Amino acid sequence: MHEIDHRPKGERDAYKLLYAGFVAAPIIAGFDKFTDKLGNWDRYLSDDVVEKLPVERHTFMQGVGLIEIAAGMLVAAKPRWGGYVVGAWLAGIVANLWTKPEYRDIALRDIGLALGALALARIAADEPTAHRQVADLAA
């Protein structure tokens, strides 16, 4: 049985855009932590954090990459929860970047991304499911 989505077209389109972006971006950024083709990710890590790490900066950032890949996959599978996880992850990135004044512009952009991830989670919560459709038909 196919589900019927009664949400306005704009809301459906917004969901699709946010979903695609928050699946792709964390996965791409995560993989790039191993190649540094998009940028030198190590430089964004706070020096205060680095001082407390039991591993080298680059090794830590590769671990960050694995977490980002997992977060993108979580969004793909469960956007309702994945959006909140990515939003919280981005809040942590903002906190880290804020300690480096030269990257506060990036921190500000990441606040916008975090808000987008939270919006995805909220919209996903209203997405029709087969369970809801069956319940609606029974009522």
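If one takes the longest principal axis of the Cα atoms in the chain, at what angle in degrees, from 0 to 90 and to the nearest 10, does the Cα axis of helix 79-98 lie?
20
Which whole-number percent is the relative contact order of segment 25-139 (Cα, under 8 Å, 6+ apart)?
Reported as a whole number, the value is 25 percent.
Quick check on the chain: helices-only [θ] at 222 nm, where DSSP H runs of length 4 and up contribute -39,500 (n - 2.57) each and the sum goes over total residues. Nearest 500, please.
When only DSSP H runs of four or more count, the value is -24500 deg cm²/dmol.
Rank by packing, highest mean first: peptides 23-36, 110-123, with packing defined as the count of other Cβ atoms within 10 Å averaged across residues.
110-123, 23-36
Mind checking which lysines have their Cα closer than 26 Å to the Cα of Lys9? Skip sequence neighbours fewer than 8 apart in that chain.
Lys78
How big is the shadow of the Cα convex hull of segment 46-88, averaged over all directions, in nm²?
With the hull built on Cα positions only, its mean projection is 3.3 nm².
Please report, in debye to the nearest 20, how large the charge dipole of segment 1-52 is about its Cα centre when each Lys and Arg carries +1 at its beta carbon and each Asp and Glu carries -1 there.
Value, rounded to 20: 260 debye.
Could you check the simple spin-label distance between Thr99 and Phe34, using points 7 Å along Cα→Cβ, in nm with one decimal?
2.7
Lys100: which lysines have alpha carbons under 19 Å from its alpha carbon, excluding same-chain residues fewer than 8 sequence positions away?
Leaving aside lysines fewer than 8 places away in the same chain, those within reach of Lys100 are Lys52.
In whole percent, how big is the carbon plus sulfur part of the accessible area of segment 21-123, probe 1.4 Å, protein atoms only?
Ligands and nucleic acids excluded, carbon and sulfur give 68 percent.
When only DSSP loop residues count, what GluC sites (Glu not before Pro) in segment 1-93 have their Cβ near at most 14 other Cβ atoms within 10 Å?
Sparse-neighbourhood loop GluC sites (Glu not before Pro): Glu3, Glu56.
Leaving out same-chain residues fewer than 8 places away, which aspartates and glutamates sit with a Cα under 12 Å from that of Lys16?
Those aspartates and glutamates meeting the cut-off are Glu127.
With mean projected area of the Cα convex hull in nm² as the read-out, I listed (1) 9.0; (2) 10.7; (3) 10.0; which label goes with the value calculated from this structure?
Comparing each candidate, only (3) matches the computed number.
May I ask which residue of Ala114, Ala20, Gly65 lies farthest towards the positive end of the charge dipole of the chain, with charges of +1 (Lys, Arg) and -1 (Asp, Glu) on Cβ and the Cα centre as origin?
The Cα lying farthest towards the positive end belongs to Ala20.
The values are calculated or read from the model by the stated rules, or taken from the named source; none is laboratory data. If you're wondering where the values come from, they're calculated on a predicted model, not measured in any experiment. Glycine also receives a Cβ, built like all others from the backbone with ideal geometry; neighbour counts cover every protein chain displayed. Remember, those area values only see protein heavy atoms, side chains included, never the ligands or the DNA or RNA. Shrake-Rupley method; radii C 1.70, N 1.55, O 1.52, S 1.80 Å.
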